[in-house]
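What follows is a single structure, written as structure tokens, with notes after it.
The values are calculated or read from the model by the stated rules, or taken from the named source; none is laboratory data. No experiment lies behind these values; they were computed from the predicted model shown. Here the Cβ positions follow ideal geometry from the backbone for every residue, glycine too, while neighbour counts run over all protein chains shown.
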Amino acid sequence: MASSPTLPKLVGSRVKRREDPRLIQGHGTYVDDVKIPGLQHLAFKRSDIAHGRIKSIDTSAAEKMEGVEAVFTGKQIAELLRPMPIGTPFPSPDHHAVAIDMVRYAGEAVAVVVAADRYIARDAADAIVIDYDSLPAVVDAEQAMQGKPAVIHEKFPNNIALGPIPSGTGASPDGKHLDDSAVEKAFKDADVVISQRMYNHRLVPNAMEPRGVVAHYEPGRSFLTMWSSTQNPHILKSMIAGMLGLGEDQVRAIAPEVGGGFGAKINIYAEEYVCAAVSKRLGIPVKWIEDRSEAFVATTHGRDILCYIDVAAKRDGKVLGIKMRLIADIGAYNMLLTAAIPTLTMLMANATYDIPAIRTTLTEVFTNKTPTDAYRGAGRPEATFFVERAFDMLARELKMDPAEIRRKNFIAKDKFPYQTQMGAVYDSGDYEASLDCALKAADWKNLLKERDELRQQGKLAGVGLAMYVEVCGIGPSATLPTGGWEHAQVTIERDGRISASTGASPHGQGNETTFGQMLADQFGVPIEHITIHHGDTAVVKQGIGTFGSRSQAVGGAALHMAGTKVRTKMAQFAGALLEAAPEDIVFESGKIMVKGAPAKAKSFAEVASFAYIPVPLPAGMEPGLSADAYFEPTNNTYPFGCHIVLMEIDRETGEPRLRRVVAADDAGNLINPLIVEGQIHGGLAQGIGQAMIEEAVYSEDGQLLTGSFMDYALPRATDFPTFEMHSTYTPTPVNPLGAKGVGEAGTLGSTPAVVCAAVDALSEFGVKHIDMMLRPEKLWRIIQGQGGAA
Amino acid sequence: MVPISIIVNGKPRKAHVEPRTLLVHFLREQLNLTGAHVGCDTSQCGACTVLIDGRSAKSCTVFAVQADGSEVVTIEGLAKGDQLHPLQEGFWEEHGLQCGYCTPGMIMSAVNLLNDNPKPSEAQIREGLSGNFCRCTGYQHIVNAIQYAAAKGGR
């Protein structure tokens, strides 16, 4: 008999994705590809004004159209749905799925149409006539805080949704007791203080697949099946059941292929509740697919935090204290996690530095704009931007190298776990190693030389560097209203193949591959013998979902635990068959054998079969090979890194161009470096996109001026140079894999690094800070001496 | 309703459509070819890209009646049986996709790109993709994927 080939270990190697064959051949099933007999199409009539009272709604023309099944106004929907719940413990105004008498942002749903096809549904929605009493639109957060020019929600005077809430040194966790003495002392002892107003502007997430829902209520079964382009089908299931008065056993939620999420598909949206309620009411399946122009206003936005920052330092560059006053423009309503996102900006104000005193205060403000919620990075890129830009300003003020000022202030690698001023406990880190890795990769000294040579040629060239640390692997149950664990199940089938499921619901992260790699190694079987199920609550019994860079750090850990349970039991069955102690059993290359006695072996399939036909059943054992596990992390993980860019700005046109982007990232142990690289690339593109070209712009009357791809600059391939990728590896002690999470990391360092480079490039004009994004016109004005910068 | 006759992925198809039916909706809803995706409503994103008479076209910007009498190739028609097209192979080998939503359009655009220029430089590839958005990859692995296919002489 030929000996079986030895299987390579897969964890840690660049395994090609198992998801790809279907996706590169057009065989993926996204929500809009779901078809059910009798399916009707649902469309929304949306407010075209930002703020106003609904005087009348005339649906008669729509109702008369051929093919129209039903029309619902907000009042009629309110008979089916109570106001939508949120996921944070903060006060919130009533938010109806469809507006009843007031509209508070352009794009808010005001009526619903159900029709035979999507064209008719759209026509009918357009035929609904609404008469509004317009009110002044609130678009400026600082004006809004004075109640100007209007108050949006009666019960929230001066449009203040939350705060000001203090956090940091001398603040009790509940914010009720405040001792400012340490912070005041830091500023008294300072040789130099840097103060700057910085704006981390509003972005539109723009996953390439807009949202979409299919809801199918079967009256005979009292059972609702929902397909939705969501990051967390289990949360969707619970929320829908709660709102519709169904048991969680009566709802099945399916996230099929999901075409990107970036945080904007965490929220449980009005459209999901409405589709479910309408399907139940009419007893027919309905489908709603978001148009892109609809997505621009109806899907949550990201960022939009204003910061007044002060940094106190000694002349040698040692930072003594930081003050950050944050004002978050959250738009018109609280969504699922809206209120929590800016609190993450406070949490990460310590950045990678050992800072003795920090005071942050946060105020969240309602405006007549699309609500904000998570967007890739979600609160952490904002913190990173503010602190890193301020450090850069300090370095410039003190004429220090931007790398050296960071080195001077780092949390030393022997200080971990490190308790920050902000209440976080950083799990592990080696920031100096990351900085050195990036400096070496960028060839820092020569990079500065290259910049200076470009300048000697008369060009505007600049170098930017930024460190980051991120809170990921979210998160212990105390930090999430849904619970912060993840669930997995592993079953060895009777034929020795493996079925596994995970509550981490991917939308591009490649969990079928990475989780397959892990199980292949754990059981010594080919990855082709493993199927990873996800995204369907009927198959995956419990779960939380994918956000906060948690798939691997929490979901992967749960899978590892479930796998370990099954492996232990399988070793017991094998031990019984091979007459050996279970602890002497090894799994290798499709065989299960006795350690040191390779002749004593059974095939993996033989042991699997024995577990299901256990004759005789070993004493004290149950048949079967299946286990599930819940992993509850004891802490978050804190990945970190350093990003460096070289930028050139055209002196004639103000157009900035990136010549180099160098990234050194540390996500702990990596399961699949190829996938990790892809995740960081994507993050870099979004981080650089924010700095350079992306911006949600509102007019004074509350219209989103950048409401389509004609006006909102989504980055194209030509916007980037080749990213230069490097890694350090500092495992986390928080989970058994040592993996920290990497989905959002790229968005953190890149944004401030780009702006630092622009400021450096324009330093000959005395520029100290530039607000994003780096529109050529803005840079041109600076070059022309027309202002526009600090 | 207007009668149309289109060869789709090598197979002649006859149908009656409303004049306003977009080609992408005809392909997706009537022929069940759901590989071409709709990612925008302003012809920017390119997720719906197919080949019409050998040239890439955004099928959300073409009425089905305009394609009458022409030959259309969609992502589903690109592989020869089990044999992936070199670009499909390249996207797989080089991790040129994450969520996969832009991928069919991206690949069909790349087919056109390599038809026009079998040995493109990196800059030419990036320029050639300017009609296709990807929000996941930052484009770098897509560039690698196209270089992979070009090196294999793949069109």
- Could you list all residues from the stretch A:188-215 that are out of contact with any Cys (no Cβ under 8 Å at 6 or more places or on another chain) and within 14 Å of another protein chain (Cβ to nearest Cβ)? A:Leu203, A:Val204, A:Pro205, A:Asn206, A:Pro210, A:Arg211, A:Gly212
- Exactly one of (1) farther than 30 Å from A:Leu244 by Cβ; (2) of a type outside the set (A, V, I, L, M, F, W, C); (3) surrounded by fewer than 24 Cβ atoms within 10 Å (Cβ to Cβ) is unmet by A:Gly283. Its number? (1)
- Query: Of the residues that make up the stretch A:333-351, is at least one at pLDDT 95 or above and over 23 Å from the mean Cα position of the chain (by Cα)?
  - Reply: no
- Among the residues of the stretch A:679-698, count how many are away from chain B (no Cβ under 11 Å), among the small types (Gly, Ala, Ser) and part of a helix (DSSP H, G or I). 1
- Within the stretch A:409-418, identify whether any single residue is in contact with a Cys (Cβ under 8 Å, 6 or more places away or on another chain) and either part of a loop (DSSP other than H, G, I, E, B) or under 16 Å from A:Thr730 (Cβ atoms) (or both), and answer yes or no. no
- Query: Does A:Gly52 fit the bill of being within 25 Å of the chain's Cα centre (by Cα) and touching a residue at least 60 places away in the same chain (Cβ under 8 Å)?
  - Reply: no
- Task: Name, by its number, the condition in (1) outside the structural domain of B:Cys136 (by TED's automatic domain parsing); (2) out of contact with any Ser or Thr (no Cβ under 7 Å at 6 or more places or on another chain); (3) surrounded by 21 or more Cβ atoms within 10 Å (Cβ to Cβ); (4) not acidic (Asp, Glu) that does not hold for B:Arg20.
- Result: (3)
- Message: So, in the stretch A:699-728, exactly how many residues are in a loop (DSSP other than H, G, I, E, B), among the β-branched types (Val, Ile, Thr) and within 13 Å of chain B (Cβ to nearest Cβ)?
- Response: 2
- Query: Just a yes or no: is a residue in the stretch A:21-41 at pLDDT 95 or above and in a strand (DSSP E or B)?
  - Reply: yes
- Flag if A:Lys188 is surrounded by fewer than 20 Cβ atoms within 10 Å (Cβ to Cβ), at pLDDT below 95, outside the structural domain of A:Val365 (by TED's automatic domain parsing) and more than 28 Å from the chain's Cα centre (by Cα): no
- Message: Here is a list: B:Phe91, B:Phe26. Which entry is among the aromatic types (Phe, Trp, Tyr), at pLDDT 95 or above and more than 18 Å from A:Ile289 (Cα to Cα)?
- Response: B:Phe91
- Item | Residue count, the stretch A:264-301 (criterion: more than 12 Å from chain B (Cβ to nearest Cβ) and in a loop (DSSP other than H, G, I, E, B)) | 9
- Selection status of A:Thr747, outside any loop (DSSP other than H, G, I, E, B) and more than 10 Å from every other protein chain (Cβ to nearest Cβ): yes
- Is the stretch A:310-326 home to any residue that is within 30 Å of A:Asp48 (Cβ to Cβ), away from chain B (no Cβ under 14 Å) and not basic (Lys, Arg)? no
- Message: Here is a check on your reading of the model: is A:Asp666 in contact with an Asp or Glu (Cβ under 9 Å, 6 or more places away or on another chain) and acidic (Asp, Glu)?
- Response: yes
- Message: Just checking, does the stretch A:660-676 include any residue being basic (Lys, Arg) and either closer than 18 Å to B:Gly39 by Cβ or not assigned by TED's automatic domain parsing to the domain that holds A:Tyr468 (or both)?
- Response: no
- Query: Within the stretch A:482-519, which residues are touching a Ser or Thr at 6+ places or on another chain (Cβ under 8 Å) and among the small types (Gly, Ala, Ser)?
  - Reply: A:Gly483, A:Gly484, A:Ala488, A:Gly496, A:Ser499, A:Ala500, A:Ala504, A:Ser505
- The condition of being surrounded by fewer than 20 Cβ atoms within 10 Å (Cβ to Cβ), at pLDDT 95 or above and either more than 13 Å from chain B (Cβ to nearest Cβ) or under 22 Å from the mean Cα position of the chain (by Cα) (or both) holds, among A:Asp650, A:Asp666, only for A:Asp650
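The rows are residues; the columns are (1) without any contact (Cβ under 8 Å) to a residue 40 or more places away in the chain; (2) buried (at least 23 other Cβ atoms within 10 Å of the Cβ); (3) closer than 30 Å to A:Lys265 by Cβ; (4) not charged (D, E, K, R).
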{"position": "A:Thr345", "(1), (2), (3), (4)": "no, yes, yes, yes"}
{"position": "A:Ile355", "(1), (2), (3), (4)": "no, yes, no, yes"}
{"position": "A:Ala390", "(1), (2), (3), (4)": "no, yes, no, yes"}
{"position": "A:Lys415", "(1), (2), (3), (4)": "no, no, no, no"}
{"position": "A:Gly429", "(1), (2), (3), (4)": "no, yes, no, yes"}
{"position": "A:Leu448", "(1), (2), (3), (4)": "yes, no, no, yes"}
{"position": "A:Leu454", "(1), (2), (3), (4)": "no, no, no, yes"}
- Item | Only one of A:Leu42, A:Leu10 that is under 30 Å from B:Glu76 (Cα atoms), more than 11 Å from chain B (Cβ to nearest Cβ), out of contact with any Leu (no Cβ under 9 Å at 6 or more places or on another chain) and aliphatic (A, V, I, L, M) | A:Leu42
- Item | Checking A:Glu66 against (1) out of contact with any helix residue (DSSP H, G or I) (no Cβ under 6 Å at 6 or more places or on another chain); (2) surrounded by 14 or more Cβ atoms within 10 Å (Cβ to Cβ), the condition it does not meet | (2)
- Subset of the stretch A:669-678, residues farther than 24 Å from A:Leu203 by Cβ and either away from every other protein chain (no Cβ under 13 Å) or not aliphatic (A, V, I, L, M) (or both), comes to A:Asn669, A:Leu670, A:Ile671, A:Asn672, A:Pro673
- Message: Restricting to the stretch A:706-721, and then to whatever is more than 17 Å from A:Met772 (Cα to Cα) and touching a Ser or Thr at 6+ places or on another chain (Cβ under 8 Å), can you tell me which residue is surrounded by the most Cβ atoms within 10 Å (Cβ to Cβ)?
- Response: A:Ala717
- Item | Selection from the stretch A:621-647 of residues that are part of a loop (DSSP other than H, G, I, E, B) and either under 31 Å from the mean Cα position of the chain (by Cα) or modelled with pLDDT under 95 (or both) | A:Glu632, A:Pro633, A:Thr634, A:Asn635, A:Asn636, A:Tyr638, A:Pro639
- Query: Can we say B:Cys48 is in contact with a Ser or Thr (Cβ under 6 Å, 6 or more places away or on another chain), outside the structural domain of B:Asn132 (by TED's automatic domain parsing) and not acidic (Asp, Glu)?
  - Reply: yes
- Query: Inside the stretch B:41-155, counting only helices (runs of 4 or more DSSP H) that do not spill past its ends, which hold 2 or more residues that are surrounded by fewer than 18 Cβ atoms within 10 Å (Cβ to Cβ) and more than 9 Å from chain A (Cβ to nearest Cβ)?
  - Reply: B:103-116, B:140-151
- Query: What single numbered condition from (1) buried (at least 24 other Cβ atoms within 10 Å of the Cβ); (2) in contact (Cβ under 8 Å) with a residue 60 or more places away in the chain; (3) under 15 Å from A:Leu625 (Cα atoms) fails to hold for A:Phe573?
  - Reply: (2)
